[in-house]
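Only one structure is covered here, and it is reproduced in the block below.
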Amino acid sequence: MILIVAVTVALLYVVRRFRSERGAAPRQLLSGRRLQFRVGAVLTFFAALLFVLGIVFTDKAREKPATGDAGLASADSEPLKIKATGQQWLWRYDYPNGAFSYYKLVVPVDTAVELELLSTDVAHTWNVPELARKADAVPGKTNRVLFSTEDEGAFEGDSATLSGQAYAAMRTEVEVVSPEEYEAFVEAQQEDIQSAQDRVVELIENGETP
Amino acid sequence: MSPSPRPELVAEGFTPSRPRWAQLATSADHKDVGRILVCGALGFLFIALVELALMRIQLLVPENTFLDPVTFNRMLSLYGASAIFFFALPLAIGLFYYVAPLQIGARGTALPRLGQTGAALWVAGGVVLYAGFLFTPSEAGVNPLAPLTEKAFLSNNGVDAWATSVGLATLGFVFLSINLVATLRTMRAPGLAWRRLPVFSWAAVVSSWLMVVIGPVLLAALTMLMIDRNYDGIFFADGSGGAPLLWQHLSWIFFTGTYMLILIFAFGAIAEIATAFSRKPLFNRTVVMVSLAAIAVVGTLAWMQNMLTAPIGIGWMYFAMLMSLALIVPFGFVIFNLIATMAGGTLRMRAPLLFALGAIFAISIGLASELCHSLVAAAWKVKNTTDATAATHFALIGGSVFGGFAALHYWFPKMTGRTMGENLARISFWTILVGLLLGFVPLFLAGSEQGQVIDAYKYFAGTGVTTYNVIASIGVFILFVGILLTILNAIFSREGGAEAGHDPWGGETLEWFALSPPEPHNFDILPDVRSPRPLRDIREAVGNRTRRSEQRAARESQPVA
């Protein structure tokens, strides 16, 4: 921002000050080495400063979040691992107990969550800006995102890499709930999946098409 | 034996044996080839703008249904290919190809048929791209990331047409660049040492080497893609040993290098214009020349700056950040020296200078916001939002539209013998500037504040981006009109512009020594070059001689006492 203003001001000043209408003869000015060295020193210092700041802030962003008192007890020592799979054009989340959900991810509050991003088809980018950093889900290579949040509630998210036709409609939602609700949700999800599974098996055994 | 002046054959006004178009199509002369590239580039610019405008109409209101998603993605892919491969690159390379041999006092190029082949390949690429439009254009985006481009996900011919077209164009650029490298290496006028080379020609050297390095990288990637799609290859397919990330690395090396090439071209042109229009020498030639070379090397090494959200190691991310931030130094040097060149001069505010100033302004905005995208932690927030779209457009519209148009206005008299209309140029400039600011500043805000994602065919009401998108669409329509004005100006000035003469701007480099338009052999006689400002030396010498002969005549006419 400062850079833009500086360049613009310099441009405008030069243009106003040195219009040919003013009638002065052009000074055949050449720069000495010393001035260029000084400019170079300022630029280098600025670049180095930004680089150091960049590393500091990146390190901060990469800090492993710890599970707090209000969080899921079982995630105390190690973050809760959830697998997020991008597929055209839906996000699938697999929980540690084998349950899974589509579109909506439910996580316990105040708990360190490690999202393992993977894709089964094309490259996607998982993007829930209020919650965690953006990260790509690329087939064949796991990308990890660590986050934890202290507020319960729902967070909207979407995908940020062109993935084909319904790219703009490939959205997701993260619901942050209390650990108890999370446990209940995962249990219920697992039971639902199991009963649906049983139902399908039953239908097939009876010779019907599910 | 002293060398005696050779007799010269002069044949004026002979009729060409073939029609003009046949002459042009079969000519290997660098001026004809350059003209084909520049005219073609302006044509494709118009087409690219139509596609951009269609996309902006779709994004005028939330959840619009003007274009269906597939059509939108096709427009996006065509727009990307047209703007980069068929406008920005050929405009830069075409102007290099036309001007650089003139600037170094060469009577032609080293490998004329190679360059001609290059231009023909480029034309073929353009035909393939839009022939693809007749059946199915690519739907995979500006840089179509594997594995979306694999047969399994896009089974129609679109991606094949895209790869063929872009491949032909790139091969053409490589051929043209090889010729430029050879020409600039071997055919400089006597006394024209590297240190005395005009900055635009130096930019041509650097850009050509850059294209010779990055062009084959893309060609290799495209070949792999074609093998994947048509011969069951697995280069970019996951699972059986392929790596989708490989495409990202290879393609970003090319696209990042291209970004740098366009900016190097723009800065080279601006340096010429700044010196000519302020009647001052470049503030520090050596620093500018070294900086341009550094931009090519360091800039291309920063390719992973585009992959900061991909699953690559944090060390690589820091490397990308280091390279991107290191670019502050050469870019800063160039911009500082350009402004310092103009300071203290006598600025004649003609169209080329106006566009050049616009270019510095727009490029500085684009580069400054690109800085934010280089800081890893910030990139994790703003990458792949419309903030990135805006940053890229500011830098590349600054480079290839403002910078390219500055160069076009500056060398148009050389190419056609006529200057472009000044008033229309001014109107066009201000329209483009307003259009650019209105069209892309809102996208900065929509991207960085609301996180609107890149390349999406729709957005949703209630996400706070509607106003931004409406303003952006209006801005792009204004931009469209502004650019159209310059294209029309060029078309009408070709026949109807004011006669320019061989040196309308008081330039200091050798191209202004030739006629406008130059003869097929460029120069009747070649001067010895003794400084970076050969034409100024010639002017001074002629002036001195005239003064001396006048003084002698005055003395001789004195009555003898």
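Distance between the pseudo-spin-label points of B:Asn64 and A:Leu49 (7 Å out from Cα toward the beta carbon): 4.3 nm.
Working from label points 7 Å from Cα in the Cα-to-Cβ sense, the B:Ala461 to B:Thr136 distance is 3.4 nm.
Under the convention that each Lys and Arg Cβ holds +1 and each Asp and Glu Cβ holds -1, the size of the dipole of the stretch A:104-165 around its Cα centre is about 340 debye.
Quick check on the protein assembly as shown: helices-only [θ] at 222 nm, where DSSP H runs of length 4 and up contribute -39,500 (n - 2.57) each and the sum goes over total residues. Nearest 500, please. All intermediate terms of the calculation are to be shown ahead of the outcome.
On the way: 21 runs with 439 residues, N = 771.
When only DSSP H runs of four or more count, the value is -19500 deg cm²/dmol.
Look at the stretch B:137-143: the mean tally of other chain Cβ atoms within 10 Å of its residues' Cβ atoms is 2.
Between the alpha-carbon centers of the stretch B:328-356 and the stretch B:357-384, tell me the distance in whole angstrom. The stretch B:328-356 and the stretch B:357-384 have Cα centres separated by 21 Å.
Counted over the stretch A:73-205 with a bin width of 5 Å, the fraction of Cα pairs per bin, in whole percents, is 2, 11, 19, 23, 18, 14, 9, 4, 1, 0.
With r defined as the distance between the Cβ atoms of A:Val56 and A:Arg144 and R0 fixed at 30 Å, what FRET efficiency is calculated, to the nearest 0.05?
Details: r = 21 Å, r/R0 = 0.70.
Rounded to the nearest 0.05, the efficiency is 0.90.
Here the relative contact order of chain B, from alpha carbon pairs under 8 Å that lie six or more residues apart, stands at 16 percent.
Where does each of B:Leu488, B:Leu59, B:Leu445 land when they are ranked from fewest to most other beta-carbon atoms within 10 angstrom? Write down the numbers at each step before the final one.
Details: B:Leu488 13, B:Leu59 27, B:Leu445 19.
So the residues, fewest neighbours to most, are B:Leu488, B:Leu445, B:Leu59.
Shape annotation for the stretch B:339-430: C-alpha extents along the principal axes are 52, 29, 21 Å, from largest to smallest.
Over every Cα atom in the protein assembly as shown, the radius of gyration and the widest Cα-Cα span, Dmax, amount to 29.6, 138 Å.
In debye to the nearest 20, how big a dipole does the stretch B:29-543 give about its Cα centre with +1 on each Lys and Arg Cβ and -1 on each Asp and Glu Cβ?
Values: 28 positive and 27 negative charges, 245 e Å.
Roughly 1180 debye, rounded to the nearest 20.
Largest first, the three principal axis extents of the alpha carbons in chain B are 101, 47, 47 Å in whole numbers. One chain, two ends: A:Tyr102 and A:Thr8. Fully extended at 0.36 nm per residue, the span grows by 28.9 nm beyond their Cα-Cα distance.
Over chain A, what is the mean sequence separation of C-alpha contacts under 8 Å (at least six apart), divided by residue count, expressed as relative contact order in percent?
Relative contact order comes out at 17 percent.
Here A:Ser195 and A:Glu175 are evaluated by their C-beta separation; at R0 = 22 Å the FRET efficiency comes out at 0.45.
Kindly provide the chymotrypsin sites (Phe, Trp or Tyr not before Pro) of the stretch B:182-247 that DSSP labels as loop, not H, G, I, E or B, and whose Cβ sees at most 13 other Cβ atoms within 10 Å. Could you put the intermediate results ahead of the total?
Details: sites: B:Trp194, B:Phe200, B:Trp202, B:Trp209, B:Tyr231, B:Phe235, B:Phe236, B:Trp247; in loops: B:Tyr231, B:Phe235, B:Phe236.
Those satisfying the criteria are B:Tyr231.
For the stretch B:64-164, the alpha carbon convex hull comes to 119 Å³ per residue, rounded to a whole number.
With +1 on each Lys and Arg Cβ and -1 on each Asp and Glu Cβ, how big is the dipole of the protein assembly as shown about its Cα centre, in debye rounded to the nearest 20? It would help to have the intermediate numbers written out before the result.
Working: 57 positive and 61 negative charges, 1270 e Å.
Around 6100 debye, computed over the protein assembly as shown.
Diffusion of the stretch B:226-270 by Stokes-Einstein, at 25 °C in a medium of 0.890 mPa s and with Rh set to the Kirkwood radius over alpha-carbon pairs, works out to 197 µm²/s. Ranking B:Ala362, B:Gly241, A:Ala168 by how far each Cα lies toward the positive end of the dipole of the protein assembly as shown (charges on Cβ) leaves B:Ala362 at the top.
Ranking B:Asn143, B:Thr463, B:Ala266 by how far each Cα lies toward the positive end of the dipole of chain B (charges on Cβ) leaves B:Ala266 at the top.
The angle between the Cα long axis of helix B:199-230 and the longest principal axis of the Cα atoms of chain B comes to about 30 degrees, rounded to the nearest 10.
Ordering A:Ala84, A:Ala123, A:Ala135 by Cα displacement along the dipole of the stretch A:73-205 toward the positive end leaves A:Ala123 in first place; charges were set at the Cβ atoms of Lys, Arg (+1) and Asp, Glu (-1).
Every number here is computed from the coordinates shown, using simple stated rules; none is lab data. As the structure is a prediction and not an experimental result, all values here were calculated from the model. Heads up, the Cβs are rebuilt from the backbone with ideal geometry, glycines too, and the neighbour counts pull from every protein chain shown.
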